[in-house]
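Nothing in this text is a laboratory measurement; each read-out follows from the coordinates by a stated rule. Note that the structure is a prediction, hence the values are computed from the model and not measured. Cβ coordinates were reconstructed from backbone atoms using ideal geometry, including for glycine residues, and neighbour counts include every protein chain displayed.
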Amino acid sequence: MAKQLAAVLGTGQTHHRSKRTDVSMAGLLREAIDRAMTDAQVEWRDIDAVVIGKAPDLFEGVMMPELSLADALGATGKPLLRVHTAGSVGGSTALVAASMVQSGVHRRVLTVAFEKQSESNAMWALSITPPFTMPVGAGAGGYFAPHVRSYIRRSGAPEHIGAVVAAKDRQNGSRNPYAHLRQADITVEKVRASQVLWDPIRYDETCPSSDGACAMVIGDEAAGDAVEGGAAWIHATAMRTEPTTFAGRDQVNPQAGQDAAAALWREAGITDPLHEIDTAEIYVPFSWFEPMWLENLGFMPEGEGWKLTEAGDTALGGRLPVNPSGGVLSSNPIGASGMLRFSEAAKQVMGRAGDYQVDGARRALGHAYGGGSQYFAMWVVGAGKP
Amino acid sequence: MRDVAVVGFAQAPNVRSTPGTTNGVEMLVPIFAQVYEQTGLSKSDIGFWCSGSSDYLAGRAFSFISAVDAIGAFPPINESHVEMDAAWALYEAWLKIRTGEVDTALVYGFGKSSAGNLRRTLALQLDPYTVAPLWPDSVGIAGLQARLGLDSGKWSEKDLAEVAARSRADAVGNPLAQVSGTHDGADLLEAPYVADPLRAHDIAPVTDGAAVIILAAAERAAEYARRPAIITGIEHRIDSPVLGARDLTRSPSTEAAGRAVGTGDVEVAELHAPFTHQELILREALGLGDDVRINPSGGALTGNPMFAAGLARIGEAANQIFSGRARKALAHATSGPALQQNLVAVLEA
C-alpha cells in the first residue's frame, strides 16, 4: 500500500528572545503548542501522539526533559517520541511526526521542538572534550568559518555577498512579529562595518542565541481537507547523514546534502527547483551558508549560488525568496530552528505568512542541517495535494 | 499498511565496565558484523538507520554523532536518532518501513553507564525546578515504589527475591549475562538492604552494553531469516511524571499499550524490569498469567545496558520465534523514573 497523504493543519511559535526568563520550559512549549492547536483548530482529544525534538540535553542541563514535561505536552496517556539529530532536529522531528501519519498509524500528531538556552550554557555544553575527538574550542562559528573561506576561494564570490544575505534576512525578520532580531534599518554597509568574529564572518552575519519553541499539527488527508483556506500538503521528505570527518570529505558542499536534495526533488517530481519552488526556508546560521546551500540543494550550479544572492533574487519579490521569515539569522532557538524552517514553508503555502507572505506561493522548501554540516532534513510542502 | 518483521538481533556482552569510548563504537562494530552475517545483508542494503542513546549518560553533547562512525556512513545514509531507549528507535524504523519508503532498517542502542554514577545521573530526568534539586536517585525512587507495594500487601520481600532467583537461574544459560547463579530465595533475603526495602538482587546491575536489530518488510523477511518474527502489534504510552500524582504500584501506560496490542495467547514475555517489584507490576498490567514464561534470557536484572536493554528485550523475544521455541512472544521496554514510559510489542512466527 502506498504512503498515505499527510498535511500541516496549523503552526505556532513563541516570541524568540535571548532569555525567556518569564516562562519555564513547560510554559515556553505551551506558548508554541497552544498557538499551533488554535491555528489548526484542534482540541487535545484530537491529538493521537506527540513528537518532541531538541538539540543536546546539556543545553538546558536536564536529561530527557520530555519525561518531566509529559503533562505539559499533553502527552500523558499517549505515545510520546523524543528525537535528537543535532541542529537538523527540528526538521527530523517534523519528519517523524509526518511518518506517523504517512504510515497510517495516527490521524493527527502534535509535533514540537524547542531550546531554552538560558537554562544552562550552550558554550559550556559544546566545550566538553571527549577523548579521541579533536576539540573545536571556538563554538560553531569557529568551526564553520574555514568552510566559508573555502567556499569563497572555490567560487570566487565577491566578499560582500555575506553582508547582502545578512541585511536581507534581518530586514525580513523585521516583518516577523515573533523574530528575535528585528532590524528594519540594517544595510549591507552596516553589516560590513560590524566586527569580524571569525574571519570572514562578522558579528551581524551571525545567528543570535535564542530561547524559543515551534509546534505544528500534522494530520491525514481527511484532516487536511477540512482546513479552512487549505492545508500545507507534504509532497516529499528526505533525511541524510554522513560522518563528521573522513579523508576527502567536502564540508563546503557535503554529499549528504546533495543526496538528500536529489531524493527530495525526485519524490516531489521536481526537475528544476529554481523554477518549480516558489520560496525556500533554508537553515542559514551564518550568512554565507545561503549561497553554499543554494548550490548544495541544486537551486544553482556549483560555484554560482552567490550570483542569485547578489542579483537580489533571494529577497522578497525575487525569483526565489529565501528565508522571508528572517531565518536562523533572525531567530535561533537551536532545537526549534529546523522546525521553524519547516513550519514557515508551510505557512507560505497556506497563505498565513502575514507581512512576509510570498505572493502566489504554491510550493515551498523547508530545510535543516546539523552537526558538522553532516545531518540534513528537508521537506517540500504545497498548497495542492501531491 | 504492510507488516514488519525482526530478522536479526545481536547484543554486546553485558559487563560492568568496558574500556571503550562513551559513543559505543567499540561495542557496536562487532555486533553489526554479527547481524550482517545472520541476515546476509550488508551496509549498502540497509534502507534506514535509527539509534537510541543519551548524551547525559555519555557525559557529552552529540555522542550519537560519533556512534555513526561504527557504521561507515559514506556514501551518506538515511538516518535518525531518538534520545530514548532504542526500543523507540525501533518504533521509528517500524513507521518508516510501513510508509513504504524503505524495505529494511537497522536499529541500535548503546550505553556506557560505567562512565559515571548512574543512579545520580538518572536523577537529572526529574522535574528540574522542584524535584531534581533534591537529588532523589533512581534506586531511591524505585525503593519508594517497592515500599508502597509492600505496605499495601501487593507483594512481599519474598516475592521479590523469587523474581531475582528465577532471573539469575535463567541467566546461567545466557553467556552474555552480567549476573547469574542459582540461589534459594530465602538465602537472598539474608543480604543487607541497599535502599530499604531493596537488596542488591532487587536492582539491575550497572551495565555497559549495546544491542542491534535488523527489521525488514514482512514480504521480504523470508529472504533474511528462516523464521522471521513478525511484529503484529507495537504500542507505547507515557504516564505523568508527578510521582505523587499516580499510583506507583500500577503502570497505566503499560496497561494501555498492552490493551492496544492484545496480549492473549502470548507464550513468553521479555519484560524490561530493572527492579524485581517492577516485573510484578508489569505482569499484572499486561495480564500475563503463570503459564507465560517470563524473561528466559534472565532479563534486565541480569544485565541492563541503558538505552539498549529495551531493544534487547525485543531481540530476545524475537530469538524465541527464530528458534521455534515460541509462536507468539511479547516484548516490553521502559524509560524514565518508576516505569513512567512503556512500550509493548507482540511478535509472531
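Summary of values
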read-out: Prolate/oblate/rounded call for the stretch A:237-320, Cα gyration tensor, a/c under 1.5 rounded; value: oblate
read-out: Paramagnetic reach from B:R227 in the stretch B:320-348 [backbone N under 11 Å; point 7 Å along Cα→Cβ]; value: B:320-328
read-out: Residues A:R319 and B:E284, FRET efficiency given R0 of 51 Å [Cβ-Cβ distance, rounded to 0.05]; value: 0.20
read-out: Inter-chain shielding of A:89-99 (mean C-beta neighbours from other protein chains, 10 Å cut-off); value: 3
read-out: Too-long pairs where the Cα-Cα distance tops 29 Å, listed order kept, from B:K96/B:K154; A:K116/B:K43; A:K3/B:K112; A:K116/A:K168; A:K54/B:K328; value: B:K96/B:K154; A:K116/B:K43; A:K3/B:K112; A:K54/B:K328
read-out: Gain upon complete extension [B:A349, B:T182; 0.36 nm per residue less C-alpha separation]; value: 56.9 nm
read-out: Interatomic Cα distance distribution for chain A, bins of 20 angstrom, percent; value: 32, 60, 8
read-out: Mean residue ellipticity (222 nm) of chain B, computed from DSSP H runs ≥ 4 via -39,500 (n - 2.57), nearest 500; value: -9500 deg cm²/dmol
read-out: Pairwise label distance in nanometres, A:R362 with A:Y203, each label 7 Å out on the Cα-Cβ vector; value: 4.6 nm
read-out: Magnitude of the charge dipole, the protein assembly as shown, Cβ model with Lys/Arg +1 and Asp/Glu -1, debye to 20; value: 460 debye
read-out: Inter-centroid distance (Cα atoms) of the stretch A:1-78 relative to the stretch A:288-321, Å; value: 32 Å
read-out: Coarse-grained scattering of the stretch A:152-229 at q = 0.14, 0.17 Å⁻¹, given as base-10 log I(q)/I(0) from a Debye sum over alpha-carbon atoms; value: -0.62, -0.75
read-out: Pair-distance profile P(r), taking every C-alpha pair of the stretch B:110-201, with 10 angstrom steps and integer %; value: 15, 34, 36, 14, 1
read-out: All Cα pairs of the stretch B:252-349, percent lying beyond 18 Å; value: 37 percent
read-out: Overall dimensions of the protein assembly as shown as given by Cα atoms, namely Rg and Dmax in Å; value: 25.1, 83
read-out: 10 Å Cβ neighbours from other chains, averaged over peptide B:246-257; value: 1
